[in-house]
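Beneath this line is the structure, given in structure tokens, with notes to follow.
The values are calculated or read from the model by the stated rules, or taken from the named source; none is laboratory data. Keep in mind it's a predicted model, so treat the numbers as computed, not measured. We place every Cβ from the backbone using ideal geometry, glycine too, and count neighbours over all the protein chains shown. Heavy atoms of the whole protein, side chains included, go into the accessibility calculation; ligands, DNA and RNA do not. Shrake-Rupley method; radii C 1.70, N 1.55, O 1.52, S 1.80 Å.
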Amino acid sequence: MVSSLRIMKKTAVSLLALLLNIVCHAQNFDVIPLGIYGGEQEDNLSAYLVGAPKDNAFLCLDAGTVNAGIRKAIQMKSLDGSAETVLKDQIKGYFVSHGHLDHLSGLIINSPADSKKDIFAIAPVIQILQNHYFITDTWINFADQGQKPILGKYHYNELQEGTEIPAPKTPFFITGYELSHVNPYKSSAALVRRDDHYLLYLGDTGADRIEKSDRLDHLWNTIAPLVKKRQLNTILIEVSFPNSQPEHLLFGHLTPNLLIEELSKLKEKTGQNNLEGLNIVVTHRKPTGDNPELIKKELLKNNPLKVNYIFPEQGKKINLP
């Protein structure tokens, strides 16, 4: 009788562990890279569609390349419909992390063909869009604030630090966090929530030590409880240069070693076991020479934290928990 009870108890524990594993690894996000690089290749610059599985309502995280990336994703069967349909009907809004062209030129150049939708950004980024891009001298004002004439196609949603707001017409909620990108210039990160599951996207950022900042430390403090609860399983973060790049020539970017330095700080807040297997989607590799492959090689060769590195390919869908 005692033996039977022990067997039943072990079976119940095993089933519970299996169920928890299934819940933790259920697919909650689709990410479709419209562009993956951090410069030079104007048809393949930072832009990532995030959507729910089997849903065609996307939030675009940065928008360096849009139309060329949509066409590539359709070719690879990651998106359904025509390029016009995806642009106008399936992309519901844009998060713009900062004001550099490799993160927003696709949004600007495609604005005449786009439909009404939302732009999410922190205040300094909205000011850059208002004062430097959506103006008559450079383009025309397709947004709903700023220089006249105001066409009102895009509605600005100012992200307040740590305050979550809904992304209309999507299943997502978004929270903005300030980053340092050659201090005091500001970039930002977006914490995207769907139900009780999260995905974190970072725009360009330097390491706190080099930036003489605490912005990443603040972000790690915020997300550590979510990582520990297995509610956040994926971080999209830049690694622009290989380790050979001198620290005084990083221009507010990360190397493989600096990424490990920062993730080690996150590990101190989560514990090693909770960090193991975390998906790290490596964005913004500079395409000069063999930099992309060298960065990949350096990350895979030295992975003391045992995270799961993902190297995105333009147009190829990534299924994420």
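Binning all Cα-Cα separations of region 29-316 at 5 Å, short to long from zero, yields these whole-percent fractions: 1, 6, 13, 17, 20, 18, 13, 8, 3, 1, 0, 0. Apolar share of the accessible surface for region 29-316: 49 percent from carbon plus sulfur atoms, 1.4 Å probe. Compared with the alpha-carbon gap, the fully stretched path from T85 to Q160 is longer by 23.8 nm at 0.36 nm per residue.
Sorting R194, R230, R209 on solvent-accessible area from highest to lowest, probe radius 1.4 Å, gives R209, R230, R194. Placing R0 at 41 angstrom, the Cβ-Cβ distance between Q145 and L249 gives a FRET efficiency of 0.65 after rounding to 0.05. Based on protein heavy atoms only, region 29-316 ends up with 40 Å² per residue of surface accessible to a 1.4 Å probe. Working note: 222 nm ellipticity from helices only, DSSP H runs with n ≥ 4, each -39,500 (n - 2.57), summed and divided by the residues of the chain, gives -8500 deg cm²/dmol to the nearest 500. Between S111, P304, Y133, the Cα set farthest toward the positive side of the dipole of region 29-316 (charges on each charged residue's Cβ, about the Cα centre) is that of P304. For chymotrypsin sites (Phe, Trp or Tyr not before Pro), no site in region 184-234 is both called loop by DSSP and has at most 12 other Cβ atoms within 10 Å. One way to sum up the overall shape of region 91-240 is the equivalent ellipsoid from its Cα gyration tensor, whose semi-axes run 28, 19, 12 Å, largest first. Sort out for me the Cα centre separation of region 193-230 from region 52-102, rounded to whole Å. Distance between centres, Cα-based: 24 Å.
Around H98, with a cut-off of 11 angstrom between Cβ atoms, what is the net charge of the other residues, counting Lys and Arg +1 and Asp and Glu -1? Each step should come with its number before you reach the end.
Numbers: positive: K186; negative: D62, D102, E178, D204.
Cβ neighbours under 11 Å give a net charge of -3.
In this structure K306 has an accessible area near 120 Å², from a 1.4 Å probe over the protein heavy atoms. When peptides 30-40, 140-150 are ranked by their average number of other Cβ atoms within 10 Å per residue, the highest-first order is 30-40, 140-150.
Axis angle, to the nearest 10 degrees, between helix 2-25 and the longest C-alpha principal axis of the chain: 10 degrees. Counting only protein heavy atoms and using a 1.4 Å probe, the accessible area of K186 comes to about 80 Å².
Taking N as the residue count of region 86-132, its C-alpha radius of gyration divided by 2.2 N^0.38 Å amounts to 1.12. Across region 267-309, the volume of the C-alpha convex hull divided among the residues equals 70 Å³ per residue. Local charge for G203 was computed over the other residues whose Cβ lies under 9 Å away, with Lys and Arg +1 and Asp and Glu -1, and equals -3.
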